[in-house]
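A.B. asks: Once you've had a glance at the structure underneath, I'll fire off some questions.
Just so it is clear, none of the values below were taken in a lab; they were calculated from the coordinates. These figures come from a predicted structure and were not determined experimentally. Here the Cβ is made from the backbone with ideal geometry for all residues, glycine too, and neighbour counts use every protein chain on show.
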Amino acid sequence: MSFIKYIADESHYKEVLSLVGKAKQTVWIGTADIKDLYVDDKPFLALIASLLKKGVEVRLIHAKEPGTAWQVLQGLWPT
């Protein structure tokens, strides 16, 4: 099933993050800035890395270079 939905503000945490972990084929995320985000006490990047290991295609579209904290985490979970 394919769909497009505009999600803003606090709904990101409730709607987007709960769906990302369930992805089986493709995840596209567009954002102005990639931040040091945690989901269930785990870095969001760890979730992305686990999806990639399962063969899920992941696309992160962002407007600027990720922050320092994200870059540090990226070293822990090379994707």
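A.B. asks: Where in the stretch 4-28 is the amide nitrogen less than 16 Å from a point lying 7 Å along the Cα-to-Cβ axis of Asp40?
C.D. replies: Counting backbone N atoms under 16 Å from the label point, the list is 13-24.
A.B. asks: Using 7 Å Cα-to-Cβ label points, what is the Lys53/Asp9 separation (nm, one decimal)?
C.D. replies: That separation, rounded to one decimal, is 3.7 nm.
A.B. asks: Would you mind computing, in nm to one decimal, how far apart the modelled labels at Leu60 and Asp33 are, each placed 7 Å from Cα along Cα→Cβ?
C.D. replies: 1.5 nm
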